[in-house]
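Here is the structure we will look at.
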């Protein structure tokens, strides 16, 4: 008789947990996965996927405006928020069913309930009170929206979770935050016709991104009518009839229909019983793990945003797969978190990989910088006042491209392919030797020849 009910119990059926469960099962493991909300996790249910659908919707307004410059006569368009949300919900339901079907196909037992650790090998299924013994436990519960410090009226603020289910499009919305989620939703709501104010406590949006890219996006957002207020915070939210009065740290007040706080996400670990069984939490708030995603308790692992390493869906998937290979496939696999490409689906879109200019100058003895800004071809006849921006950072000693930063149409698609080259160690000479595809925006990446700047650190005496 088996000493455990299952070989692997996964808590959290998001992207990382589902990948780990199905790969472990393919190696012959008996797997159970517990999920208290919906199968698919943040990305599928209330993150990347529904957000991208809203991004598409928000861009049609500009497309319709641009069409006139190309000879199209378009009647005054109207937008119906409930139709968008209903169609989005149908697509999310389809994807959830696909994820569930995948688990069934791989013979993974799915339990729709919250699960809590009682000891290193025992998990209590809260819906039924059942206790399940597992040889290995994987925590993949992701992150949860953080609304910031407690302020008067904080209960009136919504997070990105609620933004996907609003009954109607707010005509005026204030968004507090300056990261991915805040910037993306500011552009979504503005594109759909709302008056948007973005408030961020820092000196510029998208902390951690290249400074030139940050400034470029901020300028473009303002051109699109978004008010970007940096260096301030919301200190109170007051309900006044059908609207809300948001008070800022500079003493000003802004009347809005909705206030959305998008101040990042924190590891979703509260009440899981981790501390009780000895799982250590890192200083950054995530579960502390080694290079193989093993926690301080030898048979308990964690992947994805709950570890607060690189909080991106593809990273969680890679970590989940590597975990299963390591523990059940006899193929120890550590995930390399360097040179991870990513995109911000703002307007314009951003695509980045590698070092920022500041990081390159801090880490490398010599840095060469190439950058360009130009009006995209599509905007010429449309008459739209927008510009693309591209920047390459090169190690001055090895000629290797160590950073690429793009702002413009399809930047996310571009950076995925650039990521292959950068990951393989491509040099600036390799970029230069690549034939351009004309006319495209991407050709600028292989035709930049003139250095914008170069730096060499002074040798230590």
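Miscellaneous remarks
- Subset of segment 11-50 (residues that are without any contact (Cβ under 8 Å) to a residue 60 or more places away in the chain and at positive phi): 40
Each row is one residue, and each column tells you yes or no for (1) at pLDDT below 95; (2) exposed (fewer than 13 other Cβ atoms within 10 Å of the Cβ); (3) under 30 Å from residue 383 (Cβ atoms); (4) in the same structural domain as residue 136 (by TED's automatic domain parsing).
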{"residue": "26", "(1), (2), (3), (4)": "no, no, no, yes"}
{"residue": "37", "(1), (2), (3), (4)": "yes, no, no, yes"}
{"residue": "42", "(1), (2), (3), (4)": "yes, no, no, yes"}
{"residue": "46", "(1), (2), (3), (4)": "yes, no, no, yes"}
{"residue": "52", "(1), (2), (3), (4)": "no, no, yes, yes"}
{"residue": "76", "(1), (2), (3), (4)": "yes, yes, yes, yes"}
{"residue": "87", "(1), (2), (3), (4)": "no, yes, no, yes"}
{"residue": "94", "(1), (2), (3), (4)": "no, yes, no, yes"}
{"residue": "104", "(1), (2), (3), (4)": "no, yes, no, yes"}
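- Residue check for residue 244: within 24 Å of the chain's Cα centre (by Cα) and either modelled with pLDDT of 95 or more or not assigned by TED's automatic domain parsing to the domain that holds residue 351 (or both): no
So that you can scan it fast, the table gives a plain yes or no per residue for (1) under 18 Å from the mean Cα position of the chain (by Cα); (2) buried (at least 18 other Cβ atoms within 10 Å of the Cβ):
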| site | (1), (2) |
| --- | --- |
| 248 | no, yes |
| 259 | no, yes |
| 273 | no, no |
| 281 | no, no |
| 286 | yes, yes |
| 290 | no, no |
| 299 | no, no |
| 305 | yes, yes |
| 311 | yes, yes |
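- Residue in segment 179-192 that is touching a helix residue (DSSP H, G or I) at 6+ places or on another chain (Cβ under 9 Å) and either assigned to a loop (DSSP other than H, G, I, E, B) or at pLDDT below 95 (or both) present: yes
- Selection of segment 419-436 for residues being part of a loop (DSSP other than H, G, I, E, B) and either surrounded by fewer than 15 Cβ atoms within 10 Å (Cβ to Cβ) or without any contact (Cβ under 8 Å) to a residue 24 or more places away in the chain (or both) yields 424, 425, 434, 435, 436.
- Qualifying residues in segment 362-376 (those that are surrounded by fewer than 19 Cβ atoms within 10 Å (Cβ to Cβ) and in contact with a helix residue (DSSP H, G or I) (Cβ under 9 Å, 6 or more places away or on another chain)) - the one nearest to residue 449 (Cα to Cα): 372
- So residue 315, is it surrounded by 18 or more Cβ atoms within 10 Å (Cβ to Cβ), part of a helix (DSSP H, G or I), out of contact with any strand residue (DSSP E or B) (no Cβ under 7 Å at 6 or more places or on another chain) and touching a residue at least 12 places away in the same chain (Cβ under 8 Å): yes
The values are calculated or read from the model by the stated rules, or taken from the named source; none is laboratory data. Everything quoted here is computed from the prediction, not taken from an experiment. FYI the Cβ positions are ideal-geometry reconstructions off the backbone, even for glycines, and counts take in every protein chain you see.
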